[in-house]
1. Just to be sure, is GLU153 without any contact (Cβ under 8 Å) to a residue 40 or more places away in the chain and exposed (fewer than 13 other Cβ atoms within 10 Å of the Cβ)?
2. Looking only at the range 302-312, how many residues end up being outside any strand (DSSP E or B) and touching a residue at least 24 places away in the same chain (Cβ under 8 Å)?
3. Can you tell me which of THR331, THR401, THR387 is free of Cβ contacts under 8 Å to residues at least 60 places away in the same chain, among the polar types (S, T, N, Q), surrounded by 15 or more Cβ atoms within 10 Å (Cβ to Cβ) and farther than 29 Å from THR465 by Cα?
4. More than 27 Å from the chain's Cα centre (by Cα) and either at pLDDT below 95 or not aromatic (Phe, Trp, Tyr) (or both) - does that describe any residue in the range 427-436?
5. Given the criteria in contact with a Leu (Cβ under 7 Å, 6 or more places away or on another chain), within 25 Å of MET437 (Cβ to Cβ) and either in a helix (DSSP H, G or I) or at pLDDT 95 or above (or both), does LEU403 qualify?
6. Can you tell me which residue among VAL192, VAL214, VAL250 is surrounded by 22 or more Cβ atoms within 10 Å (Cβ to Cβ) and closer than 30 Å to GLN369 by Cα?
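The values are calculated or read from the model by the stated rules, or taken from the named source; none is laboratory data. Remember, it's a predicted structure, so these values are computed and weren't measured experimentally. As a convention, Cβ positions derive from the backbone with ideal geometry for all residues, glycine included, and neighbour counts pool all protein chains shown.
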Amino acid sequence: MRFNRASGILVHPTSFPSNYGMGDLGHSAKKFINFLIETRQSIWQILPLGPTGYGNSPYASYSAFAGNPYLISPDILVDKGLLTQTEVRSTFLRASTKVNYEQAFSNKNALFSQAFTRFEEQNGKDGGPAMRKFVRSNSYWLKDFCIFMACLEEHGFQPWNTWDADLAKRKPSALKAVEKRLADRIRYHRWVQFEFFNQWLDIKKYANDNKITVIGDIPIFVDHNSSDVWAHSEFFEVDDQGNRLLVAGVPPDYFSETGQLWGNPLYKWKALKKDGYKWWLKRFEQMMVMTDAIRVDHFRGFDAYWEVKADAPNAMKGRWVKGPGTDLFDTIYKHFGELPIIAEDLGMITKEVVELRDKYNLPGMKILQFAWNDNSGNGFLPHNFDTSNCVVYTGTHDNDTSLGWYNNASGLETHRLREYVRSSCEQPELELIRLAMLSCADQAIFPLQDLMGLDTEHRMNYPGTTDGNWDWRYTPDMLDKVDKNFLLHLVNISNRDPQLGLADSNLIELKTEEAN
């Protein structure tokens, strides 16, 4: 599917300012959207919104369908009368450029428990009409997820395959006992999801009402310790006890000399196909409720994926295995019609991956930080983009910030960039943004850190590592200091104004010439 010519910013809600130690869906979210409106940006790209597990990675979630509880804003709960100003004020944490996950989780858990109690006092244990509608609309995943989370808490967040065997195997008698014993916590998690989706869809509506497209992110794989694998173990490479057999990763590449061992259990694609790919159809259906377009992470894994034994120390020893390819996507497109999908086609890309991407007219990704080697035919150089049906990024959440990249790049790379832009590159991050905006790519997107001119200290993720990731955030003054005129000028000269089509732009030029 082709996208309109537009531009926008990549930033995850955890990076927003707040008084609670981490970004959320409160007032700073709308302030950021107002910034997009003021700078005539029409795209907001985010990372996955699911509830995060160990390491706080949005790509390692307890569910492929649920929302992250800790993105719920206590301020909005105050507005709803479920918390008081005094209660939330006692949990305030100082502004910082790092998320304080541990304290934020502790404080929010206490606040949410208070809010839940008041919610049930007002609406009863069934939650009222709105809750009942929410439960019906999300029946495919919600009950399993809430039971899973209640059990996970009871077991100290240990993986589900370490639980009592009957519960791990979802024996009906074990599930019935849990539903009775943990009824209060199951209802609590149901309310948390209800509140998350209310707050998120309100933010999304505010963006959409101002003609801003929200691009979500769907990881190809799911975490082993998730309600998905527990509830649908027949679709994953686990044994009868739930232990992983085969896991996902990528071989050595740009990001890691030993590859990346992700550890996600691989799919049993034959079982999924036999079921009509229902789980995947439901997953895309949920994504199209939560977002307007979808970046499909590790798209090449649908053509072929790197299979590693679960006990391997790293991802170096594995093998490529053929994925579902067109069979899955034909099913998806037959069910939904054409979908607004962006294919993350980075890494070891074969002609078969390109053919799969192009069969469905999906835009791929161009990363400008990858463009500056000694090859003038480098496909990431703007003059070598083979189609405008692509999305150009200065960098992604997996890259260093553009300033950090430049400061650590080789002399060859920095020389090539300076030569290309005919500049001394005193602000290399702005040079890359300018190149992205002026390129032929239908969409130009850049991390907020680049617009703020931030260095390596502010990068979001170091692929292949587990510590110190996903914790970048900005303080209110950092957004206020961004040069809006820089962006507005680029929007004008690059024809990326969402309110001004190409024909209108040409008409204005013609009228200007006539006036002269």
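1. It is false that GLU153 is without any contact (Cβ under 8 Å) to a residue 40 or more places away in the chain and exposed (fewer than 13 other Cβ atoms within 10 Å of the Cβ).
2. The number of residues fulfilling the criteria is 4.
3. None of the others qualify; the one that does is THR331.
4. Checking the range 427-436: at least one residue is more than 27 Å from the chain's Cα centre (by Cα) and either at pLDDT below 95 or not aromatic (Phe, Trp, Tyr) (or both).
5. Answer is yes for this residue.
6. That would be VAL250, the only listed residue that is surrounded by 22 or more Cβ atoms within 10 Å (Cβ to Cβ) and closer than 30 Å to GLN369 by Cα.
A quick yes/no check of all residues on (1) touching a helix residue (DSSP H, G or I) at 6+ places or on another chain (Cβ under 7 Å); (2) crowded, with 20+ Cβ neighbours inside 10 Å:
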{"site": "ASP223", "(1), (2)": "no, yes"}
{"site": "ASP239", "(1), (2)": "no, no"}
{"site": "GLY263", "(1), (2)": "no, no"}
{"site": "LYS274", "(1), (2)": "no, no"}
{"site": "GLU285", "(1), (2)": "no, no"}
{"site": "PHE299", "(1), (2)": "yes, yes"}
{"site": "VAL308", "(1), (2)": "no, yes"}
{"site": "ASP311", "(1), (2)": "no, no"}
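Residues checked against (1) aliphatic (A, V, I, L, M); (2) within 21 Å of GLY8 (Cα to Cα):
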position	(1), (2)
HIS335	no, no
GLY347	no, no
VAL353	yes, no
PRO363	no, yes
PHE370	no, yes
VAL391	yes, yes
THR394	no, yes
ASP398	no, yes
GLY411	no, no
